[in-house]
1. Residue separation times 0.36 nm, minus the C-alpha to C-alpha distance between GLU261 and ALA452: what's the value?
2. Of all accessible surface on region 71-212 at a 1.4 Å probe, what whole percent is carbon and sulfur?
3. With labels modelled as points extended 7 Å from the Cα through the Cβ direction, what inter-label distance (nm, one decimal) is found for LYS104 paired with GLU430?
4. Starting from the Cα-Cα distance between ASP146 and LYS285, subtract it from 0.36 nm times their residue separation and give me the gain in nm to one decimal.
5. So which aspartates and glutamates can LYS291 reach, going by Cα to Cα under 15 Å and dropping same-chain residues fewer than 8 places off?
6. What is the dipole size for region 62-108, taken about its Cα centre, with +1 at each Lys and Arg Cβ and -1 at each Asp and Glu Cβ, in debye to the nearest 20?
7. Output the peptides 250-256, 205-211, 516-522 sorted from most to least packed, where packing is the average of other Cβ atoms within 10 Å over each peptide's residues.
8. Around ALA137, which amide H atoms from residues at least 5 apart in sequence, or from another chain, sit under 5 Å from its own amide H, with H modelled in the peptide plane?
Amino acid sequence: RRVLPVLRPYIPRFAPLSTAPAVREQPTAGPGALPGRGSAKAVRAPVPAVDFGNTQEAYRSRRTWELARSLLVLRLCAWPALLARHEQLLYVARKLLGQRLFNKLMKMTFYGHFVAGEDQESIQPLLRHNRAFGVGAILDYGVEEDLSPEEAEHKEMESCTSAAERDGSGTNKRDKQYQAHRAFGDRRSGVISARTYFYANEAKCDSHMETFLRCIEASGRVSDDGFIAIKLTALGRPQFLLQFSEVLTKWRRFFHQMAAEQGQAGLAAMDTKLEVAALQESVAKMGIASKAEIEDWFTAETLGVSGTVDLLDWGSLIDSRTKLSKHLVVPNAQTGQLEPLLSRFTEEEELQMTRMLQRMDVLAKKATEVGVRLMVDAEQTYFQPAISRLTLEMQRKFNVEKPLIFNTYQCYLKDAYDNVTLGVELARRECWCFGAKLVRGAYLAQERARAAEIGYEDPINPTYEATNAMYHRCLDYVLEELKHNTKAKVMVASHNEDTVRFTLRRMEELCLHPADHQVYFGQLLGMCDQISFPLGQAGYPVYKYVPYGPVMEVLPYLSRRALENSSLMKGARRERQLLWLELLRRLRTGNLFRRPA
């Protein structure tokens, strides 16, 4: 009582927040409800209303000193002068303190706030603690190679350039978007929230695979419904992803070219359907194949009996008509000439491609055995078509009974809605379980700069508002699918309270009960606890993206996390305000030394 009046002038004033735990009844499904959704006879438990302003519930799991650390770290992350020189300051601190004291300082501050621990054993207490408060984990080994920009650029150019390109015979026909460019060789530039791998050799890829396997085992020891995050650029030479992405993009572009000739330009992907007879005639005139060969492409057995071809049917021809090293040709709309979809691989390049696929298979089999889900992270747009396609192939094989493999859809892309609808429809047709993570995207500045510099269309939505609208549109489509398909799952990976509220509202309207575990929520460790923990304690499946690794080896990750917080915290300051409120509440009620319970 004596201390509080003294502190009050220095404590920001905030509007009072409600702490009353409201409860809302989940609507009972009607007589025509699907199995697994409840019926007129089955009454679901009421779903507690979630209050993101209730600091007592949001920080129940945190001790007071942890709140003070969070407040300090988030305040430092909003200090532009500090962030501008953070690398130099870390270097000086390491020299002055020595490695041991520097490590202790980092664990007391930034490392302790954003990173779970140094290895699979040391992270277990935090995972169990969060689990007790309803929050699961998406494990992510946060170690990165400490490369200079010049070293990163050299590695990228070497690993993304084929033998044919190096000897000058394979560059003429390549799309410039899908070629390696030295100015953008360091893929870390302009990226603040995603780990980056650079290819060194096949042994290094095997080492990454072993790390992912240990992640799977660590996650399996804590729960039977955990996730781990993987990146395909960690598992093989990115040249294959670059060239296969070009194949898929050209093949899709060819489909839309044919659609424009049939008067269907500008339609959504799943609304575009080409007449088979007209398509066969057009392809024959272009000289791509003989009429007899083209008739074999479009049969009732492969495409159904509708007499039309949609983009999924068209994409299936890549599987049935080609091997990756064959010269399938398509017309170039600009030159009017036929061009090969893919340059030939050397024997070594074919072997590297095969090894990448084998590593993916090993990880998926291990995840199946342990009961952990694999979340395949999205990457740059010049890799992403191949990453999505390979992830779909894994989903076909491993998502038969339940979603084990989750594909990631970046909603800042202009074609995000088409990508989501195609993925959902493919799962329907082939009878496997759809699993997706929806994100806004981590490469915005880099993608924009690359498109402007190299000279191709910017793939990113023009504004933040447009990206929000795209996110909600994609999410709404997937939630509608979940209403009719009890085995489909989606992870809503968002720090935006409005997006989370939109999801909760639509779940209530569609009678998607949290106990069905169809909709998951995800946030980063050390960020937005006022979203994660109230959701978890209300019974919603919610997960923290949990990085771990030795202090010095996760410094690049910590640098980007500090920068990301600076961009998120400017203006709003909401999380810091809530932390202040909870500290003030504990001080006022004499609960400064309470233990989480």
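The values are calculated or read from the model by the stated rules, or taken from the named source; none is laboratory data. Since this is a predicted model, take the numbers as computed values, not measurements. Ideal geometry is used to build each Cβ from the backbone, glycine not excepted, and the neighbour counts take in all protein chains shown. Just so you know, the surface numbers come from the protein's heavy atoms only, side chains and all, with ligands and any DNA or RNA stripped out. Shrake-Rupley method; radii C 1.70, N 1.55, O 1.52, S 1.80 Å.
1. Residue separation times 0.36 nm, minus the Cα-Cα distance, leaves 65.8 nm.
2. The computed percentage sits at 55.
3. 5.5
4. 44.6 nm
5. LYS291 reaches GLU281.
6. The dipole of region 62-108 has a size of about 200 debye.
7. So the order, starting with the most tightly packed, is 516-522, 250-256, 205-211.
8. Those lying under 5 Å, H to H, from ALA137 are PHE227, LYS544.
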